[in-house]
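Scroll down for the structure; my scribbles are underneath it.
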Amino acid sequence: MENSKILIRNAAQIVTCHGDKARRGAEMSDLGVIEDGAVAMSDGVITHVGPTEEVLRNIHAEDYLEIRAENQAVLPGFVDSHTHFIFGGYREEEFSWRLRGDSYMSIMERGGGIVNTMKATRESDFDTLWDRGEERLDELFSMGVTTVEGKSGYGLDLQTELVQLRVMSDLNESHPMDVVSTFLGAHAVPPEFAGRTDDYVDYMIEEVLPRFKLKVHADEIVPFGGAELAASLKCVSADHLLHISDTGIKRLARAGVVATLLPLTAFSLNEPYAPARKMIDAGCAVALASDLNPGSCFSASIPMMIALACIYMKMTPEEAVTALTINGAAAVGRASEIGSISVGKRADVILLKYPSYKFLPYHVGMNLVDTVIKDGELYMM
């Protein structure tokens with residue numbers, strides 16, 4: 001439903017997550033909650049935020065479509081800052097192998113894993129990838145995600161990588177959600193470069209890689225200094241980090257690199273979770289993301305992710321909300337535009353079915369999103 005002016009008033013909570021950069025360490029607990037609050041939006045931009053009486057004194061309420069939210073919490077739209085949502089085929093057989101005890105690495109060694117998806121993606125046409133991608137975006141949108149990062153990486157050659165990126169670019173234009181595209185060309189070594197890893201790296205550097213801001217998959221399977229490398233290169237984010245070292249934690253904190261943690265993947269792989277509590281206590285800026293992909297995590301359940309983060313990773317509800325909003329925005333380089341309910345930012349806002357953000361981990365695994373407002377346009381879930 002489209003309206004150029006929308007007013008949310010008398011909300012039980014406005015969870016502002018105020019700011020325009022990633023929040024680190026203890027800062028992640030400060031959500032800037034306004035009780036009996038209001039948010040006014042005009043032409044897709046937030047114009048007023050504050051206690052309802054104050055906002056009403058500064059606008060002409062009769063000009064707005066009003067949403068009364070007495071028993072609802074209002075939050076910034078969620079930012080899912082790490083997914084691989086454009087891919088061909090599925091790997092349900094490999095998942096059953098893992099359930100019987102086969103390791104992720106052993107499956108890759110016999111032709112499964114990323115190379116399996118590469119084959120299916122290369123065989124998929126643009127329209128097929130687009131249709132499946134749209135379905136996945138719809139599911140994320142229904143759970144309050146208003147911006148998603150999508151990675152290529154299932155083509156492993158120039159042509160298919162570009163097809164994936166074009167699909168994401170087209171979906172960014174046609175779908176209400178914003179899609180932030182990330183090139184992940186060196187996701188694995190394709191069969192045509194088997195035994196010639198150095199040649200594949202040269203191919204990536206010389207023929208494929210554009211200029212880009214760096215994001216790193218780090219320390220997922222074993223500790224190998226990925227976090228330290230991300231800190232030294234001043235990456236936008238370092239992701240996964242299940243096996244991050246204490247030195248890596250300190251360097252990420254010092255460098256201000258966002259640590260993007262993916263609890264659904266650890267759950268799906270039955271692996272130890274990333275040490276979120278240690279990271280936050282050391283002063284890191286932590287984001288949470290789904291890692292939706294066809295292999296290690298075929299899920300984008302935001303409700304389940306929040307529950308895992310709070311129950312098993314010992315994050316507080318406040319930290320989890322920060323990780324999914326302003327810190328997720330920072331992890332895709334957009335904290336100045338989205339991620340908080342702040343005057344001048346884009347009107348990406350969600351309303352919950354309950355009066356407090358604390359219901360997010362409490363009502364375990366359930367989707368609590370009642371309404372999504374994206375760029376000032378109203379969508380009832």
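The values are calculated or read from the model by the stated rules, or taken from the named source; none is laboratory data. In this text, all values refer to a predicted model and were calculated from it rather than measured experimentally. In this analysis, Cβ positions are derived from the backbone assuming ideal geometry, glycine residues included, and neighbour counts consider all displayed protein chains. Calculation scope for accessible area: heavy atoms of the full protein, side chains included, ligands and nucleic acids excluded. Shrake-Rupley method; radii C 1.70, N 1.55, O 1.52, S 1.80 Å.
Laid out as a table, the results:
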{"quantity": "Conditions (1) surrounded by 15 or more Cβ atoms within 10 Å (Cβ to Cβ); (2) small (G, A, S); (3) not in a loop (DSSP other than H, G, I, E, B); number of the one not met by S106", "calculated": "(1)"}
{"quantity": "Every pair of residues 6+ apart whose Cβ atoms lie under 9 Å, when the first sits in the stretch 291-316 and is under 23 Å from K151 (Cβ atoms) and at pLDDT 95 or above while the second is of a type in the set (F, W, Y) and surrounded by 24 or more Cβ atoms within 10 Å (Cβ to Cβ)", "calculated": "L292/F85; N293/F85; N293/F87; N293/Y154; P294/F87; P294/Y154; A300/F85; I302/F78"}
{"quantity": "Selection within the stretch 62-93 - open to solvent by less than 20 Å² (accessible area, probe 1.4 Å) and not in a loop (DSSP other than H, G, I, E, B)", "calculated": "A73, V74, L75, P76, F78, V79, D80"}
{"quantity": "Residue list for the stretch 252-285, restricted to those being within 17 Å of L229 (Cα to Cα), surrounded by fewer than 21 Cβ atoms within 10 Å (Cβ to Cβ) and either free of Cβ contacts under 8 Å to residues at least 40 places away in the same chain or touching a His at 6+ places or on another chain (Cβ under 6 Å) (or both)", "calculated": "R254, A255"}
{"quantity": "Qualifying residue in the stretch 110-119 (condition: touching a residue at least 24 places away in the same chain (Cβ under 8 Å), over 27 Å from F193 (Cβ atoms), among the small types (G, A, S) and open to solvent by less than 10 Å² (accessible area, probe 1.4 Å))", "calculated": "no"}
{"quantity": "The stretch 190-217, subset among the aromatic types (F, W, Y) and under 15 Å from T160 (Cβ atoms), residue modelled with the highest pLDDT", "calculated": "F193"}
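Residue-by-condition table, conditions (1) open to solvent by less than 20 Å² (accessible area, probe 1.4 Å); (2) over 18 Å from M41 (Cβ atoms); (3) not aromatic (F, W, Y):
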residue	(1), (2), (3)
C310	no, yes, yes
A320	yes, yes, yes
L324	yes, yes, yes
E337	no, no, yes
S342	no, no, yes
F359	no, yes, no
